[in-house]
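Working notes, beginning with the structure itself.
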Amino acid sequence: MKESKYHQISRIVFLFLGIVALGCGRAEQGNTRETQGEVRGEEEAILTFAPEVPPPITRDYPTKVIVKLDVIEKEMEMMDGVTYNFWTFGGQVPGKFIRVREGDQVEFHLRNDPSSKLPHNIDLHAVTGPGGGAVSTFTAPGHETQFTFTALNPGLYIYHCATAPVGMHIANGMYGLILVEPREGLPKVDREYYVCQGDFYTSGAYGESGLQSFDMEKALDEKPDYVVFNGKVGALTGDNTLKAKVGETVRLFVGNGGPSMASSFHVIGEIFDNVHVEGGTLLNHNVQTTLIPPGGSAITEFKVDVPGSFILVDHAIFRAFNKGALGILQVEGPEDKLIFSGQQDDRIYQPEGGAVQSMPSEEAKPAQPLSKEQKLELGKSLYISTCQACHQADGQGIEKAFPPLVRSDYFASDPTKVADVILHGLSGPITVNGKPYNSVMPKQTLSDQQIAAVATYVLNSFGNKGGEIRESDVARLRK
Ligand SMILES: [Cu+2]
């Protein structure tokens, strides 16, 4: 009796394990079968600018999808009266929305516009493979690169530029979303929109007019002047509000390009019926605020039951009212006093305007001049933290993009040129050791002492002729 009961249990356990094993085997087999065997035909992907989303995929088989994305550097509005040199995938921030189906073979073409100053590449989080495609797509201005990947995992994924310095390329707007629809597709909804948050670091404070340049120091401190949806203050307000009608279902594909701020994504006056947590397969229900990390996403779905203005915010709320992270979904249709009886007043939700943000003004502390030894030591660590991303650890640079510092003839006859380039940046055509470059080195926000140190380090490294730059030389160049 006892024995047979034990037998029974162990048989059940065994059977259960068998089913699990079979199930896993099936799933795996399914994957390889579909990804390797059944790719049929080819088509060019329809790409859209935010807030539009390409139409749902109706195919029930995987195909070869050709994606052509253009990198364009261009000055655009960050806010009324404020412009910025954005680096974009397709000509806007965020980059164009890409929609493929699980199992699709994606032939990806990255084209860097001839007018670009810098090389760029793309890391798609939907890619299974080294760098997400970054190394395969390193593209000089006026060039086109290509690689192919199979979209193995369904989900909503961020893509971004991963060219050094990565943070700067992302901070200038180089990100967007790629949706890999599950084989069975997503449930039908009435409206789909594309919303992507990003943080920006500008030379001037929020609202300061004119062309603003990228501020590396604020970026390092993770203190953005702007936190916005779809690349601009007001990209989803005024004439650009999202629209829906009472009774409709709305799906928001929400991404966060960062580079640094996590988004506490919330729609004031709505509750998300469904959230694809982190853009994956897990479904959560009845969610008020969903957390979206930089380089992450979420799909939120909800039915709109009553009319009014529903405000999209990053619920880290100063960002919404003082830094731009605010959009509007305008819902038209009949009231339902049972669900909501009150009167809404849009005005109380309008941005409060450019609050004064005090700028961190770091006074250069009077410091003792460093000895040459001290400069070499400090200079080395500054080189690693500041210059290496572009000029590389060995100082060889990258062909067509970053000139070499190894035995550079650019500053051989005038060592102060090194300090000058660090202090003021450098752009336009130059020739270094016989090879042409036409790119941009942003000016580096370093103190006189730091510049003297790193310039001295460069002069005494990489086979260069030696020499020393004094702080007083830098101070003179600064004027
Ligand atoms: Cu880039």
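Tabulated data
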| item | result |
| --- | --- |
| Relative compactness, the chain, computed as alpha-carbon Rg over 2.2 N^0.38 Å | 1.17 |
| Heavy-atom accessible surface of the chain: percent carbon and sulfur, 1.4 Å | 53 percent |
| Distant alpha-carbon pairs in the stretch 357-466 (separation over 23 angstrom), percent | 26 percent |
| Selection from Asn172, Leu378, Leu110, by position along the positive dipole direction of the chain (Cβ) | Leu378 |
| Total formal charge among the other residues, if their Cβ is under 10 angstrom from that of Lys435, Lys/Arg +1 and Asp/Glu -1 | 0 |
| Counting DSSP beta bridges with both ends in the chain, the antiparallel % (nearest 5) | 70 percent |
| Total formal charge among the other residues, if their Cβ is under 12 angstrom from that of Val189, Lys/Arg +1 and Asp/Glu -1 | -1 |
| Stokes-Einstein D (µm²/s) once Rh is taken as the Kirkwood radius of the stretch 136-208 over alpha-carbon pairs, at 10 °C in 1.306 mPa s | 101 µm²/s |
| Alpha-carbon centroid distance for the pair the stretch 39-82 / the stretch 139-203, whole angstrom | 10 Å |
| Leading residue at positive end of dipole, the stretch 63-104 (Cβ point charges), from Gly91, Leu69, Gly81 | Leu69 |
| Local net charge near Val454, Cβ-Cβ under 14 Å (Lys/Arg +1, Asp/Glu -1) | 0 |
| Given charges at Cβ of Lys, Arg, Asp, Glu: the chain dipole, positive-most of Gly185, Leu236, Gly295 | Gly295 |
| Accessible area per residue, Å², the chain with all protein chains present, probe 1.4 Å | 50 Å² |
| The stretch 183-342: antiparallel DSSP beta bridges as a percent of all, rounded to 5 | 75 percent |
| Calculated FRET efficiency for the pair His424/Lys303, C-beta based, R₀ 41 Å, to 0.05 | 0.15 |
| Value of Rg to Rh for the stretch 87-149 (Rh from inverse mean 1/r over Cα pairs, i.e. Kirkwood) | 0.96 |
| Computed lengthening from Val440 to Leu282, 0.36 nm per intervening residue step minus Cα-Cα distance | 52.5 nm |
| Computed Kirkwood radius, in angstrom, where 1/r is averaged over Cα pairs of the stretch 63-113 | 12.5 Å |
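The values are calculated or read from the model by the stated rules, or taken from the named source; none is laboratory data. Predicted, not measured: the structure shown is a model, and the values here were computed from it. Neighbour counts run over all protein chains shown; Cβ positions are idealised from the backbone, glycine included. Just the protein is used for accessible areas: all its heavy atoms, side chains included, with ligands, DNA and RNA removed. Shrake-Rupley method; radii C 1.70, N 1.55, O 1.52, S 1.80 Å.
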